[in-house]
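Working notes for the structure below.
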Amino acid sequence: MKVMIVVTHLLGTGHLSRALTLGRGFQAVGDQVQIVSGGFPAPQLKTQSLPVLQLPPLRSDGVNFTQLLTPAGQLADAGYHQTRQTALCAALQQMRPDVLITELYPFGRRALRQEFKALLQAAKSLPNPPKILASIRDILAPPSKPEKATKADAVIDAFYDGVLVHSDPQATRLEVSWPVSQMLAGKLRYTGYVAPPLAGPHPKAEGSDEIMVSAGGGNVGDEIYRCALEAANLMPGHRWRLLVGGSDAQTRIAELRQIPSPAVIEAARPDFRQMLSHAAASVSMCGYNTALDLLQANTPAVLVPFDAGREVEQSLRATSLAPLPGFRCLRSADLTPHRLIAALEEVIVAPRRSVSDLKFDGASRTVEIAREMAGAQL
C-alpha cells in the first residue's frame, strides 16, 4: 500500500514528529511511505529511512499563524504559495497513494487552505482516488468563531473518509476542545496516543539526577529558560540542563550563557527521550509529544503550558494531566524562580504515577484503520 502524509509545522516540531512516527508505523508493515513537509527542516528529528519531500518552507510569525514567513523572514507572497502548491500536487500525481493523510487540516492551518484544497481536489480526481484521512492530536485549539467549525465540517464532509483522533478516549475526547457535530462524530476514529516505542535508559546514563529544562523544537520558551537559570542558582543540590530548540538555537544559547548560572546549556538532543528516564525532574511546556514522553518515561514534571496569544491547547492538556501524581502546572504569568523550585520539590518527592491503562499504540492502530479502509491486507 502507498501512503502519503502531508504536514506543515509552523512553530514547534510536534506535528512533524507525529507524522514521522506514523510513517514509521506504515513502513513497519511494508507500506511505501512519502512524508511531505512544508515547515522548516528539523535536523534533531530522526527521519531514518523515511523519504521526506521538503516543500519551500514556511514558519509562523511567532504565534500569529496568519502571517507565514519564508526562510528570509519575508511574508510569503502568492508566488511562493503557488510554488508549494505545484510541488505538493506533483508529488501526489507521481505517487498516486492509496491513502492520503493530512496532519491537522482542516481543523487548523487555515492560512494554507488553498494548497490543501488543491491537493484534496487533485486526489479526488485521480483514476483511483485514495482514502483521505485527517490526523489530529488529542486536544485542538478551540475554534474562535462557530463558523470555523462549520467550515471544517464542510471540508470533512466533502473530501474525507475519516478523522484519526490520536487520543485515548478514556482520557480525552475531542469534545473537550472542539464541537463535534453528528456528521463529524460518524467519521471519528480514536487511535490511542501516537508515541514512539519506549526509549529505554540512556547507554551512558546521561541526564541522571538532573533537572532537564526543554521547550520543544520551536523558537519559544525563553521565559522558562531564564527562570530556570535563576532557579539553578538557588537550588544547587541538582545539576540543571537546558535543551534549546528552534532554528536560531545557537544564537539563543549564546544569549542564555550570558546569564550567570551553573546550568549546562546546549541544543536540543536526539537522545532526549532516553535522558528523561534518568532525570530527577523535567521542566517543560505541554505539547502533545512532550506530554507523551513524560508519561512514558514516568518522569516527575513541572508543566508551563504555552499560552501566548490565544493559545489554550497546552493549558487544556496540562489541566488534564495535573491530577496524576508527579505533575504540577504553573501558568507562564505565575512563573518565578521560587515558585518553580517549590513545584520541583513537590513533584520530586511525589509517588510515581502509573499510566498502564492508557493506550500508546496509536501508530499501529492508525495503520490498521487505514489499511482496513483502503481494503489492504495486513
Practice item. Need at least 1 residues that are of a type in the set (G, A, S), touching a residue at least 24 places away in the same chain (Cβ under 8 Å) and under 25 Å from I35 (Cβ atoms) per element, so show me which strands (runs of 3 or more DSSP E) inside the stretch 132-226 make the cut, counting only ones lying wholly within it. Key: 162-165, 210-214
Review point. Only one of these conditions is not met by S277: (1) under 18 Å from the mean Cα position of the chain (by Cα); (2) modelled with pLDDT under 95. Which number is it?
Key: (1)
Exercise for review: Considering only residues that are among the charged types (D, E, K, R) and touching a residue at least 60 places away in the same chain (Cβ under 8 Å), look in the stretch 250-271 and name the one that is least open to solvent (accessible area, probe 1.4 Å).
Suggested key: D271
Point to revise | Candidate set from the stretch 255-270 (those that are in contact with a Lys or Arg (Cβ under 9 Å, 6 or more places away or on another chain) and in a loop (DSSP other than H, G, I, E, B)); member that is modelled with the lowest pLDDT | key: P270
Practice item. Residue by residue through the stretch 215-228, note down the ones that are surrounded by fewer than 22 Cβ atoms within 10 Å (Cβ to Cβ) and farther than 16 Å from A333 by Cα. Key: N219
Study note, to complete from the structure: Turns out the strands (runs of 3 or more DSSP E) fully within the stretch 12-122 with at least 3 residues that are open to solvent by less than 50 Å² (accessible area, probe 1.4 Å) are 32-39, 52-61, 99-103
Check your understanding: Can you find even one residue in the stretch 339-352 that is in contact with a helix residue (DSSP H, G or I) (Cβ under 6 Å, 6 or more places away or on another chain), at pLDDT 95 or above and more than 30 Å from G162 (Cα to Cα)?
Key -> yes
Check your understanding: If you check V244, V283, which single one turns out to be closer than 21 Å to H15 by Cβ and either in contact (Cβ under 8 Å) with a residue 60 or more places away in the chain or not small (G, A, S) (or both)?
Key -> V244
Practice item. Working carefully through the options I369, I265, find the one that is in contact with a strand residue (DSSP E or B) (Cβ under 9 Å, 6 or more places away or on another chain) and within 30 Å of N64 (Cβ to Cβ). Key: I265
Study note, to complete from the structure: Conditions (1) touching a residue at least 12 places away in the same chain (Cβ under 8 Å); (2) at negative phi -> Q74 fails only (1)
Review point. Restricting the search to the stretch 1-11, which residues are among the hydrophobic types (A, V, I, L, M, F, W, C), within 12 Å of V99 (Cβ to Cβ) and open to solvent by 30 Å² or more (accessible area, probe 1.4 Å)?
Key: M1
Revision key, fill the gap. Output for Cβ contacts, cut-off 7 Å, separation at least six or different chains, first residue in contact (Cβ under 8 Å) with a residue 24 or more places away in the chain and within 14 Å of A301 (Cβ to Cβ) in the stretch 311-328, second open to solvent by 50 Å² or more (accessible area, probe 1.4 Å) and not aliphatic (A, V, I, L, M), reads Q314/D307; P325/P351; P325/R352; G326/R352; R328/E346
Review point. In the stretch 241-254, is there at least one residue being charged (D, E, K, R), at pLDDT 95 or above and touching an Asp or Glu at 6+ places or on another chain (Cβ under 7 Å)?
Key: yes
Exercise for review: Only residues that are surrounded by fewer than 20 Cβ atoms within 10 Å (Cβ to Cβ), more than 19 Å from the chain's Cα centre (by Cα) and under 19 Å from L316 (Cβ atoms): list them for the stretch 147-183, please.
Suggested key: K148, A149, Q170, E175, P179, V180
Study note, to complete from the structure: Among strands (runs of 3 or more DSSP E) entirely inside the stretch 272-378, those with 2 or more residues being crowded, with 24+ Cβ neighbours inside 10 Å are 281-284, 301-303
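The values are calculated or read from the model by the stated rules, or taken from the named source; none is laboratory data. None of the values given here were measured: they were computed from a predicted structure. A quick note on method: Cβ atoms are made from the backbone with ideal geometry, for glycine too, and the neighbour counts reach across all protein chains shown. Remember, those area values only see protein heavy atoms, side chains included, never the ligands or the DNA or RNA. Shrake-Rupley method; radii C 1.70, N 1.55, O 1.52, S 1.80 Å.
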